[in-house]
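Data block below; observations after.
The values are calculated or read from the model by the stated rules, or taken from the named source; none is laboratory data. What you are looking at is a predicted structure, and each value in this text was computed from that prediction instead of being measured. In this analysis, Cβ positions are derived from the backbone assuming ideal geometry, glycine residues included, and neighbour counts consider all displayed protein chains.
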Ligand SMILES: *Cc1c(COP(=O)(O)O)cnc(C)c1O
């Protein structure tokens, strides 16, 4: 099909031309004396993205979910108890990883569309009088349902229960897009990957560890090999990596950090809110609803849209792709066929999203969902116009 494809899945996201150019490089010697400058430029600038001045960042050649494994094995003794709410496919997979590694997870099941239940977490921690629970696992932004949870509220729950468990936060679809306050929330491990907010291809797992985790690294009994943070820490200190790093992606990450810091993390988050709010207004103008149960749970990086009874979201997604060159996210697990997801994360602006919303309208109509043509686009563009920065002279 001529023209650009419209990629509006919640990761991988669109790679801006500037980052493509930054990665358009010859392969190089990662043991050269000039290489540490790149490593340092990246590692020095990563913590600000998660609102931290104290975290130690790690970059692996892996996808994001590998950092679930890296975080756990480098911070909690094997076999210990963990606590985790489950409210979507990604919280499910995080729990599943912990269980496969040999941890015992107390799961708090919550209806999909809800967020992390701070009160239930507090109760569960208070009930653990023996202080066996070593960590609380949380998915900040549940990409399957389009729900953002309140990490600060969960931190307060730990504090109120006076429980010493570590706090693990999967921020794969929030970090570098939404406000993330690692220091303020006292997060111990924050987890992400390259292909969402960082606007890069998949291939880098990024992990941030608190000083408490770093202090315990050498004392653990867990089996660790590729994801052992100790050789990574020691090599990084000299500006190198224990094995061959994904150098091309590292050049991309370095430029991505420059872009993020140029825009400013607060502006990045504000842009994501403005764009997302336009999408939400479109959804409501179509007479449809979001999977997220309440406005305070709405995610600014992904919207999961529930199709009316009798309609099949898979058909909407298939028509959008085949007829209109628009990729939408599918419904995962129990949401298959019930929702389609619109990703609005990373390198996106109003008119890109207006195109995507047009495509959604067309695909909905093609799939037999009676929406008023143009109604969603009109609602979104009205909002973007009223919330736009004033025109300079
Ligand atoms: C995308 C995503 C992941 C998985 O990351 P991979 O890079 O595919 O391993 C994990 N958690 C959340 C919340 C995600 O959105």
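Screening residue 111 with (1) touching a helix residue (DSSP H, G or I) at 6+ places or on another chain (Cβ under 9 Å); (2) away from the ligand (no atom under 12 Å from the Cβ); (3) under 23 Å from residue 174 (Cα atoms) gives one miss only, at (1).
Of 280, 271, 230, all but one fail to be surrounded by fewer than 20 Cβ atoms within 10 Å (Cβ to Cβ) and in the same structural domain as residue 359 (by TED's automatic domain parsing); the exception is 271.
Look through 252, 203 and report the one residue that is under 19 Å from residue 35 (Cβ atoms), within 16 Å of the ligand (Cβ to nearest atom) and surrounded by fewer than 24 Cβ atoms within 10 Å (Cβ to Cβ).
Result of the check over 252, 203: 203.
State whether one or more residues within segment 86-94 are in a helix (DSSP H, G or I) and out of contact with any helix residue (DSSP H, G or I) (no Cβ under 9 Å at 6 or more places or on another chain).
The initial filter retains those residues of segment 86-94 that are in a helix (DSSP H, G or I), namely 89-94.
Going one step further and asking which of them are out of contact with any helix residue (DSSP H, G or I) (no Cβ under 9 Å at 6 or more places or on another chain), we end up with 90-91.
There is at least one residue in segment 86-94 that is in a helix (DSSP H, G or I) and out of contact with any helix residue (DSSP H, G or I) (no Cβ under 9 Å at 6 or more places or on another chain).
Going through (1) farther than 27 Å from residue 270 by Cα; (2) within 11 Å of the ligand (Cβ to nearest atom) one by one, residue 145 falls short only on (1). As for segment 34-45, it holds no residue that is within 16 Å of the ligand (Cβ to nearest atom) and farther than 27 Å from residue 105 by Cβ.
Being surrounded by fewer than 23 Cβ atoms within 10 Å (Cβ to Cβ) and under 22 Å from residue 311 (Cβ atoms) is a description that does not apply to residue 351. For residue 79, the conditions (1) surrounded by fewer than 18 Cβ atoms within 10 Å (Cβ to Cβ); (2) modelled with pLDDT of 95 or more all hold with the exception of (2). Looking for something over 30 Å from residue 360 (Cβ atoms), assigned to a loop (DSSP other than H, G, I, E, B) and more than 23 Å from the chain's Cα centre (by Cα) - is there at least one such residue anywhere in segment 282-294? No.
Every residue in segment 233-248 that is assigned to a helix (DSSP H, G or I) and closer than 12 Å to residue 30 by Cβ, please. Before the answer, list the steps.
Let us first name the residues in segment 233-248 that are assigned to a helix (DSSP H, G or I), namely 233-237, 247-248.
If the condition is that a residue be assigned to a helix (DSSP H, G or I) and closer than 12 Å to residue 30 by Cβ, then 235, 247, 248 are the ones that fit.
When segment 297-332 is filtered for residues that are without any contact (Cβ under 8 Å) to a residue 12 or more places away in the chain and more than 20 Å from residue 346 (Cβ to Cβ), the ones remaining, listed by number, are 309, 310, 318, 322. Note on segment 52-65: among residues that are crowded, with 19+ Cβ neighbours inside 10 Å and either assigned to a loop (DSSP other than H, G, I, E, B) or within 16 Å of the ligand (Cβ to nearest atom) (or both), the one that is nearest to the chain's Cα centre (by Cα) is 64. Report yes if some residue within segment 96-104 is surrounded by 20 or more Cβ atoms within 10 Å (Cβ to Cβ), more than 22 Å from the chain's Cα centre (by Cα) and modelled with pLDDT of 95 or more; otherwise report no. Yes. Assessment of segment 14-25 against the conditions (crowded, with 23+ Cβ neighbours inside 10 Å, away from the ligand (no atom under 16 Å from the Cβ) and not in a loop (DSSP other than H, G, I, E, B)) yields at least one matching residue. With respect to the stated conditions, residue 152 fails to be buried (at least 20 other Cβ atoms within 10 Å of the Cβ) and either within 16 Å of the ligand (Cβ to nearest atom) or within 30 Å of residue 341 (Cα to Cα) (or both).
Examine segment 111-120 for a residue that is farther than 23 Å from residue 345 by Cα and without any contact (Cβ under 8 Å) to a residue 12 or more places away in the chain, and state whether such a residue exists.
Step one: filter segment 111-120 for residues farther than 23 Å from residue 345 by Cα, giving 111, 117-120.
Next, from what is left, pick out any that are without any contact (Cβ under 8 Å) to a residue 12 or more places away in the chain: none.
There is no residue in segment 111-120 that is farther than 23 Å from residue 345 by Cα and without any contact (Cβ under 8 Å) to a residue 12 or more places away in the chain.
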